[in-house]
Every structure is written in structure tokens, then in C-alpha cells.
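This report concerns only the one structure given below.
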Amino acid sequence: MSTTPKGAPGGRPAGDLDPLAADDPQNWHLRESYTFDRNVIAEIRRAANTGIYRIRGWGAKRRMPTLDDLVFLGASMSRYPLEGYREACGTDVVIGEDRASQPVRLQIPVTIAGMSFGSLSAQAKEALGRGASAAGTSTTTGDGGMTMEEREHSSVLVYQYLPSRYGMNPDHLRMADAIEVVVGQGAKPGGGGMLLGQKITERVAEMRTLPTGIDQRSACRHPDWTGPDDLEIKIGELREITDWRVPIYVKVGAARPYYDTALAVKAGADAVVVDGMQGGTAATQDVFIEHVGIPTIAAIPEAVRALRELGVHRREVKLIAAGGFRSGADVAKALALGADAASIGTAALIAIGDNDPAYEAEYRELGTSAGFWEDFQAGTDPAGITTQDPELSARLDPELAGRRLANYLQVLTIETQILARANGKSHVLNLEPEDLAALTVEAAAMAKVPLAGTAWVPGAD
Amino acid sequence: MSTAVRTFDLAESARRKLNQALHEAADGESFEVLNPRGAHAVACGITADIDVVVRGSVGYYGAGMHQQGRVLIEGNASTGLAENIMSGEVRITGNATMSAGATGCGGLLVVGGNAGARCGISMKGVDIVVGGNVGHMSAFMAQAGNLVVCGDAAADLGDSIYEAQIFVRGEVESLGADCVPKEMRPEHVETVAGLLAAAGEAAHGVDPGDFRRYGSARRLYNFTIDDVDAAQAAAQAAGGDHR
């Protein structure tokens, strides 16, 4: 069953003949409603035809304040730059040194976010593991448990501990290099996962102890703890079971990052993962993706404020920011705002081949186009990534895709170093808010850095 | 293999020391835990075929993620008793508060007294026998395994249940979404009889024939889609009503 009929909204692939060609005077009297544009009309028609809310993958597509609204100031008379290609600029990040006997040591400040086997093919998971390992960073399991393919190909593997506990196995917990207690994710703070019937193959069903072919809706609350006091005890249990060996992260969707971060610290987390509303998902209600949570640029400074007030920032508790990172500029800005690392999901999928124009003919068959493909829930991904179809997933060569991801991670890292050196920093974690200016009043208020050309930080005392 | 019982008094030594010893234990070893005094995560993460007796009440996550061997708690337990149990046995003589046996994948959990809210939540194959009553929303989203309740069940039993089976001897206050009564056939009586026997003292004298069975109506397994266009196209193709 597909919940997305052909020609559904979300993508608006241009036809061969654009009926609204702007250079044709005959069209000049046509005026599209801002309120009821073609995408809105298509969605109302789709809803009326099916009686079901729209489910899709990807993340928020709406326009919102982003890290693009910030710029680095660079060096000047009063700031001394480092040589762009020669002088050392460290990129390593250590997580959990304070409490774990085997802390996580990353060579680069970019990690791969949690994505499940089930939502992704085994080949895609392997590719993520290969790419992350080659680049010296971690990858993360997802809802549905750990596969041996990803353990084998991931030098540092973070095991997600989720509300559904699908496939939750204490042996896997002990095989992991870190544990991430998932409270929420940016695409849907407060929502559980979804995996529709066409992706619940026998292997996925067995891992999750579910009947094949059902539309699976994961729990949104943990079954055995409620609130930060319980979480503290739960983290204690996880530490006991793993003999205090590995770091424990707490991941939250960007909802109330100041309070959530403070409470995660109180609960004993070694790292807090804050996922902004641009964060991706394999399948969620469109209304949830577009209307719940706050943007990454607004979330990071609030999380940092909590860490600073508790005296643990850049010390005992690390901050991993996530949600819509695309470039080294995004990573560098997140670090300058106070994050210790940036986590990527959607960008990693694109790097391994998601929305590949080589499959354009097939995207058209599916009523979409390369660059618009978002029906990760459908299991029909021509690129073989968000699918469990053996023929489609066989299209993805994990080795080749892994090399692409490693290349991309290298570019993100080098770009981050370029910007750090330009601001005179010998380690990317030395970037600071003082290095930034905002291009819009909104960004200045959210990021708590001055509006460019002024000393004005809206809302500051 | 050692036959001597190793004793840990939590009034004197740390929980960490106990759990580390349990994690390093060899098959066949026996342990006794004194003065748990409501400590959390006591005897959690056991992987060897050992016997552990806890003399007193435990806090959260007692015998959590239990994988092998037998744990007996002589007292009560707080939230998450034997959560995510994989196999082996966990028994408690008293009551358990919330989420007993949560997400358990296998093995046997026996609660001699009552279990609080959400007993067997998201259970994935564990067998749970409760000598007394269970609280509200027990077996919520339960996926596999059996929950046997010798007493009564509070509101919203089995809400959003998948393929787990619930057997209740007493009253059920109300059933949750998609949970329905099901026929108690001979094989189900046999299942209950086996579990009552395994439960031992906690279910002494209980007749397996007295239970009623509940399970999923399977109406929530797939989204309901009223595809008007497709229905209309099919009707047209069949020469039917085009309205």
C-alpha cells in the first residue's frame, strides 16, 4: 500500500511544457494564490481522495531561519589568521572521558545520525558504516536494532536506545561504542517512528517482533521511564549493564533545548544530541515534520546556555547538534555557536546516492523527480537506499557509496578547518560566537550574535 | 563450578561491585544479596546461568535485561522489574510497581503479588505470570508472549496490542484500543496451565480453565485508505455507477 498516489504534492516536477512560462505574455494575467498555491491545492485534493494524512520522509521543506543567515567575520587587524593549508587545525572530539572507561574518540567533528535498518537497506547501512569509518567518525543504529553488517563496517557505532525497543538486545548494547537514549528527533519531537507495510519484510519483521506487512507505528514514550528523574536511574542501569565502559548520549528533538539539555545533564548524559526541525525522518506525518520543533539555529545557543550555566560546556558534557547540516560552513557555524560536533543524516544519504539524477526516468514513473524524492516510506526508492526491495537495494554498491560518503565527510571537515583557520583558530572547537555576525534580525535574536555591522543582539541585556 | 553461595551486603558494599561480580560469574554460581534497601538496577544484565537471591525490596530495573539464570527477589520491586528480559527467570514474592517485564523478549517473569500500571508494556516474547492484579494499560502495544493475570486487570488492558496473548482470571475493567476477547480453546488452556505450573507458588491452586483470553482485533495493523479515484476508476471499468 502506498499512501502517496502518483503526482502527490511535496515535489512539483516541472512538466515538459510549463503552463506558466513567465516569458509568455498570454500568461501574464494568471495570478497564483499565495495562500492556495498549486502545492496546497494538490494536497487538499490528495486528502479528499484518500482520507489519510500525508506521510513522507525527508525533513521540513518550508523556508525557515537557517545557519545561512550567519557569516564568519574572519581575521582582520585585531585577529590573526592561520595559513589555510599548512598550519595545524585540530578536528578531534572526545566524548565521555569523565565517566566512561572507553570514551568515544572521533577524528572529525561530524557524525552520522541514527537511521534504522528497515527504513534503510542493509547496503545503505553498510555504506554509512564504511564511509564514517574511513573518515574516522561514528555511525548510529536506529529504530529496529543493530545489524551485524553495520557493526562490522562501523569502527565507532552508537547504539540507539529507543521508546519502541525494537530489536533491543543487551548483547548489542555491550557491543556498542556508545549508547544514545533517544527521547525525540528534530523531524518529530513527540512522535514515534513509522515504518509502513511495504518495508516490513520478513527480516525487518523478525528483528522487530512484528507481523510482516503491517503499518508499524513505533511508541513515542519510553516504556519504563518517565521524566528526568527516571532517566537518571535508567542511565545508571545502562552504565551498570555495560560496566561503565561506554559514553551515554541523550538525543532530543529541538523543542525546549535549554530545559531539555539541562535535564539531560542532570540525568547524567555524557553528550546531548539536539536535533533541529530540519532533521530528517524515514516516515512521518507531513503536518508533524513541518509544524513541530524549532530550527537548528535557534536550538544550539539555548542548549549551550544550559551547558554553560551548569559549568559543563566543552568539558564533561558534549553537545552534538543536528538538523539540516549540508556543508562545512554549517558545521563550523554550529561549532562556533558552541556545539562540539555536528551530526548529518539527510546529507549523508544524498552523499551515498539519494535523489541521484541518474534514476530520473524512474523518479518520473513514481510521479516525482530527482531532487524532489521524499517518499522514503514507500519502499520504492530507485537509488536502493530507503527500501527493503532486494532488487532496488542491490543497486547500491556499499563500497562505492561508502567512498562517496568518506569524500563528503572529508570536504565537510576541510571546509570547517578553512573557516576555523580564517578566524585564527588552531582547533575547530576554538571557534566561538564572537567569530560570527547575523544577516537578519531573526538570526541575530536566535543565534544571540550581533546583527552584521552593529553591536546589536536583539533580546540581549 | 562453585557451590558456595557468595554473599553481597549492599549495606556495606556498592551495587557496582555486586553487578560486576554477577557479570563475571561462571555458570552454576550462586549469589545472595542482603540489604538491597530499594537500590536501583540490582542484579541487572546477568548473562551467565547463575542463581541470585535478593533478600529484600529493590528499586527500579531490578534484574533488568536479564539473559540467563534465575533471580528471586524476596520483597517488592519498583519500576521496570526485569525490563527487556531475554531468557531465564525472574521471580518476585511481593508486588511490582510500573512496567514490570516491559519489552521482555523471552524468559519468565513471575510476580507473586500485584503488578502496577503497564505490566508487560511492549512485551516481545516474554511470559509473565502475575499472582494478583495488574494496573492500567497493561500489555500496551504488546507484541508477543503471554501475560497471565490470576486476579483482575485495570482499565485499557492490551491497548494497541499486536500478537501477544493476555489471559485474565478475574475482572477486566476495560479493554484498550483494538484489544478484544477471544475464544479460549484447549491449546490456550494448555498454555495457561503450563505457565501456572512454571509460576509455582505464585499461582498455587489456580485453575487454568478459569481464564479468559484477549488479543488483537488487528484493525490497527494498516492505515485505512478510502481511495476515491481508484474506486471510481474500478466502477467505471466494470460499467457500474459513475457518480
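The values are calculated or read from the model by the stated rules, or taken from the named source; none is laboratory data. All of these numbers come straight from a predicted model, not from anything done at the bench. No Cβ is skipped: glycine too gets one built from the backbone with ideal geometry, and neighbour counts run over all protein chains shown.
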> Residues of the range B:100-124 being more than 13 Å from B:ALA63 (Cα to Cα) and either at pLDDT below 95 or of a type outside the set (A, V, I, L, M, F, W, C) (or both), which ones?
Replying inline: B:THR103, B:GLY106, B:GLY112, B:GLY113, B:ASN114, B:GLY116, B:ARG118, B:GLY120, B:SER122, B:LYS124
>> Tally up the residues in the range A:1-59 that are modelled with pLDDT of 75 or more, within 14 Å of chain B (Cβ to nearest Cβ) and in a loop (DSSP other than H, G, I, E, B), please.
In response: 4
>> Residues to consider are B:GLY215, B:GLY209, B:GLY200; find the one that is within 14 Å of chain A (Cβ to nearest Cβ) and under 30 Å from B:THR93 (Cα atoms).
In response: B:GLY215
>> List the strands (runs of 3 or more DSSP E) inside the range A:251-359, counting only whole elements, that have at least 1 residues being over 27 Å from A:THR226 (Cβ atoms).
In response: A:341-344
> Can you tell me which residue in the range A:360-379 is nearest to A:MET194 (Cα to Cα), limited to those that are outside any loop (DSSP other than H, G, I, E, B), out of contact with any helix residue (DSSP H, G or I) (no Cβ under 8 Å at 6 or more places or on another chain) and not hydrophobic (A, V, I, L, M, F, W, C)?
Replying inline: A:TYR363
>> Can you tell me which of (1) more than 9 Å from every other protein chain (Cβ to nearest Cβ); (2) assigned to a loop (DSSP other than H, G, I, E, B); (3) acidic (Asp, Glu) is the one B:GLU32 doesn't meet?
In response: (2)
> Is there a residue being assigned to a loop (DSSP other than H, G, I, E, B) and free of Cβ contacts under 8 Å to residues at least 40 places away in the same chain anywhere in the range B:190-204?
Replying inline: yes
>> When the residues of the range B:80-100 are narrowed to those that are in contact with a Lys or Arg (Cβ under 7 Å, 6 or more places away or on another chain) and under 15 Å from B:VAL54 (Cβ atoms), which ends up nearest to the other protein chains (Cβ to nearest Cβ)?
In response: B:GLY88
>> I'm checking my understanding of the structure. Among residues of the range A:231-264 that are away from chain B (no Cβ under 14 Å) and within 30 Å of B:THR47 (Cα to Cα), which one is surrounded by the most Cβ atoms within 10 Å (Cβ to Cβ)?
In response: A:ALA264
>> Filter the range A:133-169 down to the residues that are within 14 Å of chain B (Cβ to nearest Cβ) and among the acidic types (Asp, Glu) and list them by number.
In response: A:ASP143
>> Could you tell me how many of the residues in the range B:67-92 are part of a loop (DSSP other than H, G, I, E, B) and surrounded by fewer than 24 Cβ atoms within 10 Å (Cβ to Cβ)?
In response: 8
> Out of the range A:183-230, which residues are of a type in the set (Val, Ile, Thr) and more than 11 Å from chain B (Cβ to nearest Cβ)?
Replying inline: A:VAL183, A:THR201, A:VAL204
> Which condition breaks for A:ALA422 when tested against (1) surrounded by fewer than 22 Cβ atoms within 10 Å (Cβ to Cβ); (2) farther than 17 Å from A:PHE325 by Cα; (3) aliphatic (A, V, I, L, M); (4) touching a helix residue (DSSP H, G or I) at 6+ places or on another chain (Cβ under 8 Å)?
Replying inline: (4)
> Does the range B:39-66 hold any residues that are within 14 Å of chain A (Cβ to nearest Cβ), surrounded by fewer than 22 Cβ atoms within 10 Å (Cβ to Cβ) and not small (Gly, Ala, Ser), and which are they?
Replying inline: B:THR47
> Do you know which residues across the range B:111-164 are in contact with a strand residue (DSSP E or B) (Cβ under 7 Å, 6 or more places away or on another chain), within 14 Å of chain A (Cβ to nearest Cβ) and more than 18 Å from B:MET86 (Cα to Cα)?
Replying inline: B:ALA115, B:GLY116, B:GLY135, B:SER138, B:ASP159, B:ILE161, B:TYR162
>> With the requirement that a residue be at pLDDT below 85 and exposed (fewer than 14 other Cβ atoms within 10 Å of the Cβ), what does the range B:199-235 give you?
In response: B:THR224, B:ASP226, B:VAL228, B:ASP229, B:ALA230, B:ALA231, B:ALA233, B:ALA234, B:ALA235
